[in-house]
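Participant: Let me give you the structure first, and then I'll get to my questions.
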Amino acid sequence: MSGHFSPEQATDPRTFWDARYGERPKIWSGAVNRVLADTAPGLTPGRALDLGCGEGGDSVWLAEHGWQVTGVDISATALERAREVSESRGLEKEQISWQQMDLAEDFPAGEFDLVSACFLASPIHLPRAAILQRAAKAVAPGGTLLVVSHAGAPPWAGNAAGHRHFFPTPDEELATLDLQDDAWDVRCAEVRSREATGPDGEPGLLKDTVVIARRR
């Protein structure tokens, strides 16, 4: 499949995201999210849930660092690529598994020592607040919740970048999560900057809203 598929053309989220991933053989870099890579080494590996795992970069990294990972995405196309990457890296089914799921309708069962939701967003309908609150409930006692979102548009996006996107502040993200004070320790709620390269090779500084919380 080629060409750009706009949100207006989508009949449902699965159609949109399969078409989006079908635009190119590879959408994402495959590199681990920097915040996850900075956070996970301070945790004891256990069961991890990667929500909106896409082509599997974060999930594969976690599995290679001792975690038992469940990667979840709505796109069958993305998950097939993720599965190919994990198999090429020699990861076994006991180390990493993939689930196709519309998180607006369903959610993985069980509790996890790490629940990661990095850049969980969509240009079409996504009940993000409800999903993130379910993500928090899936964190096991002593486990960690990691939520990363864009805090602003990239400098190469132009003035129209904010029309369809919501860029939450740390306070807004905490309000969305609705974490109970007596059940959670919020370790981090801040905006972080990172260097990145635009589609035409131009360098830029991106800002992310990061929330890290530990269930007591």
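Yes or no, residue by residue, for (1) touching an Asp or Glu at 6+ places or on another chain (Cβ under 9 Å); (2) over 23 Å from Asp208 (Cα atoms):
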{"position": "Gln95", "(1), (2)": "yes, yes"}
{"position": "Ala104", "(1), (2)": "no, yes"}
{"position": "Ala135", "(1), (2)": "no, no"}
{"position": "Ala138", "(1), (2)": "yes, yes"}
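Participant: Are any residues in the range 163-179 exposed (fewer than 12 other Cβ atoms within 10 Å of the Cβ) and either at pLDDT below 95 or assigned to a strand (DSSP E or B) (or both), and if so, which ones?
Facilitator: Result: His163, Arg164, Phe166.
Participant: Kindly indicate which of Ala140, Ala151, Ala136 is crowded, with 18+ Cβ neighbours inside 10 Å, touching a residue at least 40 places away in the same chain (Cβ under 8 Å), within 18 Å of Gly46 (Cβ to Cβ) and of a type in the set (Gly, Ala, Ser).
Facilitator: Ala136
Participant: Can I ask one more? Under 27 Å from Pro170 (Cβ atoms), surrounded by 16 or more Cβ atoms within 10 Å (Cβ to Cβ) and not acidic (Asp, Glu) - does that describe any residue in the range 72-91?
Facilitator: Yes - at least one qualifying residue is present in the range 72-91.
Participant: Right, next: In the range 3-25, which residue that is touching a helix residue (DSSP H, G or I) at 6+ places or on another chain (Cβ under 8 Å) and at pLDDT below 90 is surrounded by the fewest Cβ atoms within 10 Å (Cβ to Cβ)?
Facilitator: Of everything passing the filter in the range 3-25, Gln9 is surrounded by the fewest Cβ atoms within 10 Å (Cβ to Cβ).
Participant: Moving on. Would a scan of the range 48-69 turn up a residue that is among the aromatic types (Phe, Trp, Tyr), part of a helix (DSSP H, G or I) and in contact (Cβ under 8 Å) with a residue 24 or more places away in the chain?
Facilitator: yes
The values are calculated or read from the model by the stated rules, or taken from the named source; none is laboratory data. What you are looking at is a predicted structure, and each value in this text was computed from that prediction instead of being measured. Virtual Cβ from ideal backbone geometry, glycine too; neighbours counted across all protein chains shown.
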